[in-house]
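In what follows, a single structure is set out as structure tokens and then discussed.
The values are calculated or read from the model by the stated rules, or taken from the named source; none is laboratory data. Bear in mind that the values here come from a model prediction, so they are computed numbers and not experimental data. With ideal geometry, Cβ positions are generated from the backbone for all residues, glycine too; neighbour counts draw on all protein chains shown.
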Amino acid sequence: MKIVPEARIAELVTPADAYAAVEQVFAAMARGEAGNFPVVREALGGGRLYGFKSGIDRAGAVLGVKAGGYFPGNAERGMTNHQSSVFLFDPDTGQPRAMVGGNLLTALRTAAASALSIAHLARADARVLGIVGAGHQAAFQLRAAARVRTFDRVVAWNLHPDMLPRLGAVAAELGLPFQAVSLEELGSEADVIITITSSFAAILEDGHIRRGTHLACMGTDTAGKQEVAAAILGRARVFTDEVAQSVSIGEAQHAVAAGLLAAADITPLGAVITGAQPGRHVPDEITIFDGTGVALQDLAVAAVALSRAEERGIAVEVAV
Ligand code: NAD
């Protein structure tokens, strides 16, 4: 069995690699060649969350599980609150193939998913990027979005405004003017909005969102979390990584519970990637990508990390 340590991931997997791997696996899901298993997510007490996301990509011969969660005491100890490791198995024998550090990979694959949605669903003339959230993932989201579209500027809002300058520094690095704005300004100015917070109540209300906007809602990955008002999903065309997760732990859970949206109304982004389903129909409709985060994203990027590590002799071999 091989170990690919967290500390080596940055030199092995680029944002472009993550984008290509996630695009490929979303397409495999849409073709029925790959599937995710039900998510296990348990509260351990004291704000700690622990769980498993697993799945199989038959086409890519990848089987595995991401284990990990959220450990709020870590920051004080100099560690990231979100901790995860990916385990890959031989799909024919079940033998363990590798353990791959999953922290940076999680950020890369999550940012790749929203960037894919922007590439496929945002209006061709989208110029202003709005970001709601300024935590660990937000910077990855900004970088990935800027890779797929040419934006003129970034407007951002965060519940904790003191966190915004760090995101502004990333925008400056990308050569993009950055402005902290109110939610009203963000909704009226942004053509594309990424939400990436740990909110449990709608931040963006229906009145904030103008027609033609594309929203990538990336923060809601657990029952009870919410970033945008259910009414917005009721009048939008809704896309997702996986419909089962979207209606249970994703942003769509609230619109479905309120009877504003049915699972059958939600389109997997993979089907847009393969061309089986249309993306945006008309410039002035609202499109929403409900990015819940699926196991196959984790496995796809972990498989890239493993094969690069093997090529470069970086993977640590251990006997099992
Ligand atoms: P973080 O702890 O670094 O940042 C949290 C962000 O949420 C900050 O901007 C903070 O100001 C904001 N926030 C906190 N409480 C809030 C509230 N009550 N209302 C509004 N904003 C609030 O977290 P992160 O690593 O950046 O992750 C952000 C979210 O994305 C988390 O909910 C995480 O679970 C989720 N996530 C989703 C995926 C996916 O695939 N969809 C992957 C990774 C993380």
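Test of understanding: among ALA20, ALA107, which residue is within 21 Å of the chain's Cα centre (by Cα), within 17 Å of THR292 (Cβ to Cβ), without any contact (Cβ under 8 Å) to a residue 40 or more places away in the chain and not in a strand (DSSP E or B)?
On inspection, the qualifying residue turns out to be ALA107.
Select from segment 246-269 the residues that are out of contact with any Asp or Glu (no Cβ under 8 Å at 6 or more places or on another chain) and closer than 18 Å to VAL22 by Cβ and list them in ascending order.
THR267
Looking for whichever is modelled with pLDDT under 95, buried (at least 17 other Cβ atoms within 10 Å of the Cβ) and among the hydrophobic types (A, V, I, L, M, F, W, C) here; the options are PHE71, PHE26. Which one fits?
PHE71
Table: residues versus (1) within 11 Å of the ligand (Cβ to nearest atom); (2) in the same structural domain as ARG149 (by TED's automatic domain parsing); (3) farther than 27 Å from PRO268 by Cα; (4) not aliphatic (A, V, I, L, M).
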{"site": "PRO72", "(1), (2), (3), (4)": "yes, no, yes, yes"}
{"site": "SER85", "(1), (2), (3), (4)": "no, no, no, yes"}
{"site": "PRO91", "(1), (2), (3), (4)": "no, no, no, yes"}
{"site": "GLY94", "(1), (2), (3), (4)": "no, no, yes, yes"}
{"site": "ALA98", "(1), (2), (3), (4)": "no, no, yes, no"}
{"site": "ALA113", "(1), (2), (3), (4)": "yes, no, no, no"}
{"site": "LEU116", "(1), (2), (3), (4)": "no, no, no, no"}
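Hey, could you check segment 60-103 for residues that are in a loop (DSSP other than H, G, I, E, B), within 19 Å of VAL25 (Cβ to Cβ) and among the small types (Gly, Ala, Ser) and say which is farthest from the chain's Cα centre (by Cα)?
Checking each candidate, the answer is ALA61.
Would you mind telling me which numbered condition in (1) more than 10 Å from the ligand (Cβ to nearest atom); (2) in a strand (DSSP E or B); (3) not assigned by TED's automatic domain parsing to the domain that holds PHE178 LEU129 fails?
Every listed condition holds for LEU129 apart from (3).
Does PRO283 meet the test of being in contact with a Gly (Cβ under 6 Å, 6 or more places away or on another chain), within 25 Å of ALA190 (Cα to Cα) and touching a residue at least 24 places away in the same chain (Cβ under 8 Å)?
yes
Which condition number does GLU227 fail, the rest of (1) within 15 Å of the ligand (Cβ to nearest atom); (2) assigned to a helix (DSSP H, G or I) being met?
All conditions are met except number (2).
Determine whether GLY101 is touching a Pro at 6+ places or on another chain (Cβ under 6 Å) and among the small types (Gly, Ala, Ser).
yes
Having 3 or more residues that are within 15 Å of the ligand (Cβ to nearest atom), more than 14 Å from the chain's Cα centre (by Cα) and surrounded by 18 or more Cβ atoms within 10 Å (Cβ to Cβ) is the bar; report the helices (runs of 4 or more DSSP H) wholly within segment 134-221 that clear it.
The qualifying helices (runs of 4 or more DSSP H) are 164-173.
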